[in-house]
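Participant: Take a look at the following structure, please.
The values are calculated or read from the model by the stated rules, or taken from the named source; none is laboratory data. Keep in mind it's a predicted model, so treat the numbers as computed, not measured. Methodologically, a virtual Cβ is constructed for each residue, glycine included, from the backbone with ideal geometry; neighbour enumeration extends over all protein chains shown. Accessible surface is based on the protein model in full, side chains and every heavy atom, while ligands, DNA and RNA are left aside. Shrake-Rupley method; radii C 1.70, N 1.55, O 1.52, S 1.80 Å.
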Amino acid sequence: MGLELVKSEFSVKNKRIDTLAFDPQSKAFAIIEYKRDRNASVFDQGVTYLNLMLQNKEVFIIEYNESLNRTLKQTAVDWSQTRVIFVSSDFTENQIEATNFKDFSIELLQVKRYENRTVSITPIQKSKNAESIKQLTGKNTAAIKTITAVIKTYTEEDLLKGKPDTVTELYQQFKAAIHNLTDGIEVQPQKFYIAFKKDGHNITDIAIQTAGLKLIINIKRGALDDPKHLARDISGIGHLGNGDYGIKVSNNDHLEYIMSLIKQAL
């Protein structure tokens, strides 16, 4: 999952978290819960844990620093990217529907083990017509308002908002080409860019800019075969995204060649 393990069975305020993890990409904590009871409410538990973290930030920081021998500061954490991940061999339709909000950071991950020792890991995707959590009313309304005031789940639409139609069209062309590289590509919008992953590993990240796109290829310096020298070595400068090579594009003239570079990150 690309996460750092911080602590198993971490207790806060009489609540026990199965796994506390940290996402170095988003600079945010992730709470992982393993579900065996198919009738349990993942929504209510998710709301409880998100509120728990936001109300006890210093406890999570201390645990991170003590467990990993680090000096992470509270200001270095992007609390807006906090999320809860439920892992189970199966989820009911009610559980899936209860978390089907486009802007709420509760994720479902289905893991199955087969007789031949093969393991499949499948994220449950939000539906394309998922509504906003802000439209929900009921007993959790106050808690949800507290969470949504801090936590923000980003979508492709958020990062494309206000950009020229030519840039949006260019992004869709590159997105389709990346999907054509192999099966199982996941698209995960982040705060400043859109990550494209395969088996939990970033292969490329795309930042949407006013005049075009900036692609970061997740390959270490010196390991990219780029005979046209189209990619720039950015290993020595601070940058968003994962990898040591960046390419700025304003058109699709080199689309196929760029795909040959990204394919090396698979």
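Participant: Which of the residues that make up the range 81-116 are surrounded by fewer than 16 Cβ atoms within 10 Å (Cβ to Cβ) and either within 16 Å of Tyr49 (Cβ to Cβ) or hydrophobic (A, V, I, L, M, F, W, C) (or both)?
Facilitator: Listed by number, the list holds a single entry, Val111.
Participant: Criterion first (crowded, with 20+ Cβ neighbours inside 10 Å, out of contact with any Asp or Glu (no Cβ under 6 Å at 6 or more places or on another chain) and not in a loop (DSSP other than H, G, I, E, B)) does Ile203 satisfy it?
Facilitator: It is true that Ile203 is crowded, with 20+ Cβ neighbours inside 10 Å, out of contact with any Asp or Glu (no Cβ under 6 Å at 6 or more places or on another chain) and not in a loop (DSSP other than H, G, I, E, B).
Participant: Also, I was wondering about something else. Count, please, the residues in the range 92-119 that happen to be under 18 Å from the mean Cα position of the chain (by Cα) and of a type in the set (Lys, Arg).
Facilitator: 1
Participant: Let me ask you something else. Output the number of residues of the range 136-161 satisfying the condition of being among the β-branched types (Val, Ile, Thr), at pLDDT 85 or above and open to solvent by 40 Å² or more (accessible area, probe 1.4 Å).
Facilitator: 1
Participant: Can you pull out the residues in the range 66-88 that are among the charged types (D, E, K, R) and either part of a helix (DSSP H, G or I) or touching a residue at least 40 places away in the same chain (Cβ under 8 Å) (or both)?
Facilitator: Selection gives Glu66, Asp78, Arg83.
Participant: Can you tell me how many residues within the range 174-200 are loosely packed, with under 13 Cβ neighbours inside 10 Å and not charged (D, E, K, R)?
Facilitator: 5
So that you can scan it fast, the table gives a plain yes or no per residue for (1) of a type in the set (A, V, I, L, M, F, W, C); (2) at positive phi:
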| site | (1), (2) |
| --- | --- |
| Asn116 | no, no |
| Ser120 | no, no |
| Ile124 | yes, no |
| Lys134 | no, no |
| Glu157 | no, no |
| Ile178 | yes, no |
| Leu181 | yes, no |
| Val187 | yes, no |
| Asp199 | no, yes |
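Participant: Given the condition touching a Phe, Trp or Tyr at 6+ places or on another chain (Cβ under 7 Å) and more than 22 Å from Thr153 (Cβ to Cβ), answer yes or no: does some residue in the range 71-85 qualify?
Facilitator: Within the range 71-85 (the criterion being touching a Phe, Trp or Tyr at 6+ places or on another chain (Cβ under 7 Å) and more than 22 Å from Thr153 (Cβ to Cβ)), the answer is yes, since at least one residue qualifies.
Participant: Take the range 240-266 and flag every residue that is out of contact with any Gly (no Cβ under 7 Å at 6 or more places or on another chain), open to solvent by 50 Å² or more (accessible area, probe 1.4 Å) and not basic (Lys, Arg).
Facilitator: Listed by number, the residues that qualify are Leu240, Asn251, Asn252, Asp253, His254, Glu256, Ser260, Gln264, Leu266.
Participant: Scan the range 241-257 for residues that are in a loop (DSSP other than H, G, I, E, B) and touching a strand residue (DSSP E or B) at 6+ places or on another chain (Cβ under 6 Å) and jot them down.
Facilitator: Residues satisfying the conditions are Gly241, Asn242, Gly243.
Participant: Is it fair to say Val12 is among the β-branched types (Val, Ile, Thr) and more than 19 Å from Ile147 (Cα to Cα)?
Facilitator: no
Participant: State all residues of the range 197-218 that are at pLDDT 95 or above and within 19 Å of the chain's Cα centre (by Cα); if no residue qualifies, say none.
Facilitator: Ile203, Thr204, Asp205, Ile206, Ala207, Ile208, Lys214, Leu215, Ile216, Ile217, Asn218
Participant: Could I ask something else about it? Only residues that are over 20 Å from Ile31 (Cα atoms), in a loop (DSSP other than H, G, I, E, B) and open to solvent by 80 Å² or more (accessible area, probe 1.4 Å): list them for the range 117-135, please.
Facilitator: Those that are over 20 Å from Ile31 (Cα atoms), in a loop (DSSP other than H, G, I, E, B) and open to solvent by 80 Å² or more (accessible area, probe 1.4 Å): Arg117, Lys128, Asn129.
Participant: If you don't mind, there's one more thing I want to ask. I'm told Lys102 meets every condition in (1) without any contact (Cβ under 8 Å) to a residue 60 or more places away in the chain; (2) touching a helix residue (DSSP H, G or I) at 6+ places or on another chain (Cβ under 6 Å); (3) closer than 22 Å to Ser127 by Cβ except one. Can you identify the failing condition by its number?
Facilitator: If we test Lys102 against (1) without any contact (Cβ under 8 Å) to a residue 60 or more places away in the chain; (2) touching a helix residue (DSSP H, G or I) at 6+ places or on another chain (Cβ under 6 Å); (3) closer than 22 Å to Ser127 by Cβ, just (2) comes out false.
Participant: Let me ask something else. Which one of these is part of a helix (DSSP H, G or I) and open to solvent by less than 30 Å² (accessible area, probe 1.4 Å): Ile61, Ile31?
Facilitator: Just one listed residue meets the conditions, Ile61.
Participant: Pick out the one residue from Asp233, Asp165 that is within 30 Å of Glu131 (Cα to Cα), open to solvent by 20 Å² or more (accessible area, probe 1.4 Å) and over 19 Å from the mean Cα position of the chain (by Cα).
Facilitator: Just one listed residue meets the conditions, Asp165.
Participant: Does the range 215-230 hold any residues that are under 24 Å from Pro24 (Cβ atoms) and open to solvent by 50 Å² or more (accessible area, probe 1.4 Å), and which are they?
Facilitator: Across the range 215-230, the qualifying residues are Lys220, Arg221, Gly222, Ala223.
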